[in-house]
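One structure below.
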Amino acid sequence: MVQARVEVSEVGDVEVAPHGGIVDAHLHLLPPRLARKVRSVFDAHVPGQLAYGIDPGPVLADLAAAGVTQGWVLPYAHGPGVADWLVPATYEHLQQLRQGDHGVELVLGATAHPDDADPLAALASGVDDLGARVCKLHCAVGGFTADDPRLERLWRFCAERALPVIVHVGRSPSGDSTPDDLAAVQRVADQHPDAVLIVAHLGAPAITATLRLLDRHPKLHADLTPVVTALPAIDPAELHLRADRLLFGSDAPNTGFGVHELLEHWYHQSPDPTVQQQVRGGTARRLLAAGA
């Protein structure tokens, strides 16, 4: 299940950051034209409930103020042909943002869609030519499953490169995931055991199914990113047990929570320093280092 928005008490700056600082492994600092288009969809469904505007400046300032030193920027292809222009456009956008003095290292993500003429082409070009270090597949928005046969070459490529792939599974316009949707991730993990898969939003609301997949596949991970105005509900004991498989993410700017608020929430869930160091960036940095 997904719990409703919660209020957390102020705890101030929590000194449990990993070596190198906190990593936000789920950002959508998209090129301006696309950012406006995406925000219009959110405005139509959750008016006035988001924590940020689409201007990346305040988002980056807030990330830095919360102690975030690295952010994974995840473009996603919603249809065929989109990845061809979106990955280079996101690269150019990040080049401009990197000129600021915010202090947040921005990691480029690549993407693909199975309806592309060659689903691997734009992703591989993003990795080899533009320096992308992660990938995002948005099955819910794109209307496909993670185990689509046309993505077979992509999964082989990502497994060989140890490229983390964040997968938002589902076919619902709301972005909700079901156990059946997660079964497609299980099939990919079975066929490509070296692939580094990260289930976005902890597969909410099918969180129990996601946790069972983590039991089965040692290279499967998940992020703790909220679904707009709802936080994934995970028992603190599960959070403690699986800290080395879980990544912090905000979904900024399209989130109902400020970054500091999210960090406080997960601190209250499990304040153990080892848990916090892993969730706040240790796990994310380990995955990037493996694919370097």
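Looking at (1) within 30 Å of His45 (Cα to Cα); (2) β-branched (Val, Ile, Thr); (3) more than 17 Å from the chain's Cα centre (by Cα); (4) crowded, with 22+ Cβ neighbours inside 10 Å, which one does Val259 not meet, given that it meets all the others?
The one condition Val259 does not meet is (3).
Six or more apart or on different chains, Cβ under 6 Å: which pairs go from a residue in segment 265-277 that's among the aliphatic types (A, V, I, L, M) to one that's assigned to a helix (DSSP H, G or I)? Could you list them?
Once the first residue is among the aliphatic types (A, V, I, L, M) and sits in segment 265-277, its partners that are assigned to a helix (DSSP H, G or I) give Val275/His240; Val275/Ala243.
What number of residues in segment 205-227 are over 13 Å from the mean Cα position of the chain (by Cα) and either hydrophobic (A, V, I, L, M, F, W, C) or under 22 Å from Gly175 (Cβ atoms) (or both)?
Residues that pass the stated criteria total 11.
Between Ala195, Ala162, which is under 23 Å from Val127 (Cα atoms), surrounded by fewer than 18 Cβ atoms within 10 Å (Cβ to Cβ) and within 17 Å of the chain's Cα centre (by Cα)?
Matching residue, one of Ala195, Ala162: Ala162.
Of the conditions (1) at pLDDT 95 or above; (2) surrounded by 16 or more Cβ atoms within 10 Å (Cβ to Cβ), His78 clears all except one; give me its number.
Condition not satisfied by His78: (1).
Mind telling me which of the residues Pro47, Pro58, Pro32 ends up being at pLDDT below 95 and farther than 19 Å from Leu137 by Cα?
Pro47
Yes/no matrix, rows are residues, columns are (1) part of a strand (DSSP E or B); (2) on the phi < 0 side of the Ramachandran plot; (3) among the aliphatic types (A, V, I, L, M); (4) surrounded by fewer than 22 Cβ atoms within 10 Å (Cβ to Cβ):
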| residue | (1), (2), (3), (4) |
| --- | --- |
| Ala110 | yes, yes, yes, no |
| Asp115 | no, yes, no, yes |
| Pro119 | no, yes, no, no |
| Ala124 | no, yes, yes, yes |
| Asp129 | no, yes, no, yes |
| Ala132 | no, yes, yes, no |
| Cys135 | yes, yes, no, no |
| Asp147 | no, yes, no, yes |
| Leu154 | no, yes, yes, no |
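The values are calculated or read from the model by the stated rules, or taken from the named source; none is laboratory data. Keep in mind it's a predicted model, so treat the numbers as computed, not measured. Here Cβ is always computed from backbone atoms with ideal geometry, including for glycine, and neighbour counts include all displayed protein chains.
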